[in-house]
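The values are calculated or read from the model by the stated rules, or taken from the named source; none is laboratory data. Everything numeric in this text was worked out from a predicted model, so none of it was measured. Positions of Cβ are generated from backbone atoms using ideal geometry, with glycine treated the same way; all protein chains shown enter the neighbour counts.
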């Protein structure tokens, strides 16, 4: 798979919806899937609600409100067949290895040959995510760690495994660079990858300094937030 013309994001939370929005900013159609909420009359309620939140969010994840029309909402029970239309499938569900592994098995049944599959995990090693995968899926699988909010945070970490095809990694890196405006960094398969390993230390230092300086939470946020170029993530 060398060209990415349509994307699917599974997981309509803050990150999944934000990724879908930024892909739509590039003019690429996106399918956004999430689970069917218990007792809901509308089985697509979560994905539809995520799109509605995108239109109201600040900072705006959509470059133009009309980009939301490129995002097709659905659910993981009725619309997995839509994966067969997609060239890149991004998993952005809860950080639970059992849930992710079960989802990958389902994705493998519905994806078209050569479709790229990636996880947006920020914590789970690729070697654990890919355990038990078919060789065909493992070849097309990697980690693509976006940062929140995806439209504004330029960094994208890519983690590959022993079985990941170099062509797959190159295709994602090229698309992310040229179409999404990302600064792509290849990271090793280790806890926290690169940014979160550094960020955890930086955050701990900031907390200690704020406490030593007697700053309130609001004062600390005001000092180390936007004045340092750190966008809102909530």
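Of note:
- The lone criterion from (1) out of contact with any helix residue (DSSP H, G or I) (no Cβ under 7 Å at 6 or more places or on another chain); (2) farther than 17 Å from residue 21 by Cα; (3) exposed (fewer than 15 other Cβ atoms within 10 Å of the Cβ) left unmet by residue 103 is number (3).
The rows are residues; the columns are (1) over 25 Å from residue 230 (Cβ atoms); (2) buried (at least 16 other Cβ atoms within 10 Å of the Cβ).
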| position | (1), (2) |
| --- | --- |
| 151 | no, yes |
| 160 | yes, yes |
| 166 | yes, no |
| 178 | yes, no |
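- None of 137, 155, 129, 142 is surrounded by fewer than 16 Cβ atoms within 10 Å (Cβ to Cβ), assigned by TED's automatic domain parsing to the domain that holds residue 18, in contact with a strand residue (DSSP E or B) (Cβ under 9 Å, 6 or more places away or on another chain) and modelled with pLDDT of 95 or more except 155.
- Test: residue in segment 13-35 that is more than 19 Å from residue 118 (Cβ to Cβ), over 14 Å from the mean Cα position of the chain (by Cα), surrounded by fewer than 21 Cβ atoms within 10 Å (Cβ to Cβ) and free of Cβ contacts under 8 Å to residues at least 12 places away in the same chain: no
- Considering segment 111-126, the residues that are at pLDDT 95 or above and out of contact with any strand residue (DSSP E or B) (no Cβ under 9 Å at 6 or more places or on another chain) include one that is nearest to residue 168 (Cα to Cα), namely 114.
- Subset of segment 185-230 (residues that are more than 30 Å from residue 174 (Cβ to Cβ) and not in a helix (DSSP H, G or I)): 213, 214, 215, 216, 225
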